[in-house]
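Presented below is the structure to which this report refers.
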Amino acid sequence: MEKPRKIFLASHRNPDGDALGSTLAFYHYLSQNGHEVSMAFPSEFPPIYSWMPGSDKILIYDRQSEEINKCIANAELFIFVDANNLSRIDKMGLEMQKYETPLFLVDHHLDPDLTSLYYYAFPGESSACDLVFDVLTEWEQKKYIENIDIATCLYTGILTDTGTFSYNTSPKLFEKLSRLMLAPFNHIEIQNKINNALPEKNLRLLGYCLYHRLEIIPEYRAGIIFLTKSDFEKFNIQRGDAEGIVNYILKINNIDIAVLFTQQPTITKISFRSLGDYNVEEIAKNYFNGGGHKNASGGSHFKGLKSAITLFKEHLPEFFNKYKTIN
């Protein structure tokens, strides 16, 4: 990287704030250092992040596959962030595997693929943006980020992947945040853009979920919410509209385990959240083809919504009893 290179940036399907923040931070840094950079995600990102600097330069494989395949073929370096394996990006990952292009992996999920030549992986850290901060300050031999666009993107990823600093935090992370905010940028404005900018339909959807779709299982300190295909049609639910709903379950007193089931055309997606030492990554990985973090994980099920909920309830007692003594 001592001379200008053609670099291709990629991250996972259904990108969240951390995937966007880590990718865009790299994009700004590399572009400003003379590299020719392209970046892509397998699918669209939620409109709530469209204000992020550089988001208009993002390519989407679902509708721009030919253009992205050309970028992949011409790249001299791949950088893959916020995902532990190229399988997370479906057809785009298969396309990247056709080439012997060096790959730099930056990730914070469990079981990262360390077969690539270059990687910076610390499972359990707060976010990919947390690690990108390390990489960029190391490369620049500085303790802080001077560029406002880069700092804005990194802060956004950390903010969203910690649930506005509700989990996966540490003294080390807050020390990094204090250095990050020297950029300076308006962190209150970023929080308002993310947490206080919901369309009306999202609040109506939330109210519907809490009144009609919430089930509490008090003996196991758990709560679930589910959304059906008809719910998606009724509320015109688009990608990202259900983001964050699962967290409201944990606002209930004496509830430490929260699950959101969303019925999609060919698959049921599941979001797990927890408090304390309830390791929901375990149940996501063991029964729902998923993974993530101790207190925030995701998974999927291919046998329908009812089957997914039944499977979770079957294993909930064993899971709860394993961790209740610790908690």
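The values are calculated or read from the model by the stated rules, or taken from the named source; none is laboratory data. The shown structure was predicted, so the numbers you read here are calculated from the model rather than taken from an experiment. All Cβ positions, even for glycine, are placed from backbone atoms using ideal geometry, and neighbour counts span all protein chains on display. Calculation scope for accessible area: heavy atoms of the full protein, side chains included, ligands and nucleic acids excluded. Shrake-Rupley method; radii C 1.70, N 1.55, O 1.52, S 1.80 Å.
In table form, for the structure just shown:
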{"read-out": "The stretch 114-209: radius of gyration over Cα atoms, expressed as a fraction of 2.2 N^0.38 Å", "value": "1.26"}
{"read-out": "Kirkwood-based shape ratio for the stretch 1-78, expressed as Rg/Rh from alpha carbons", "value": "0.95"}
{"read-out": "Average silhouette area of the stretch 178-327, convex hull of alpha-carbon atoms, in square nanometres", "value": "10.5"}
{"read-out": "Max mean-square fluctuation residue, GNM over the chain, Cα-Cα springs under 10 Å, options I158, I48, I72", "value": "I48"}
{"read-out": "By accessible area with a 1.4 Å probe, ligands and nucleic acids excluded, highest first: order of E281, E233, E140", "value": "E233, E140, E281"}
{"read-out": "Residue with peak Gaussian network fluctuation, the chain [Cα springs, cutoff 10 Å], from T115, T160, T262", "value": "T115"}
{"read-out": "S43 paired with E67, simple spin-label distance in nm, labels 7 Å along Cα-to-beta-carbon", "value": "2.1"}
{"read-out": "For the stretch 48-84 versus the stretch 165-213, the gap between their alpha-carbon centres in whole angstrom", "value": "25"}
{"read-out": "Convex hull of the stretch 174-228 built on C-alpha atoms - directionally averaged projected area, nm²", "value": "6.6"}
{"read-out": "Selection from A296, N253, I237 lying farthest towards where the dipole of the stretch 233-321 points positive, charges on Cβ", "value": "I237"}
{"read-out": "Cβ-placed point charges (K, R +1; D, E -1), dipole of the chain about Cα centre in debye, nearest 20", "value": "740"}
{"read-out": "Solvent-accessible surface ranking, highest first, for C71, C129 at 1.4 angstrom", "value": "C71, C129"}
{"read-out": "For E138, solvent-accessible area (1.4 Å; no DNA, RNA or ligand), Å²", "value": "120"}
{"read-out": "Percent carbon-and-sulfur accessible area, the stretch 1-77, ignoring ligands, DNA and RNA, probe 1.4 Å", "value": "44"}
{"read-out": "Cα centroid separation - the stretch 124-146 against the stretch 97-123, whole Å", "value": "17"}
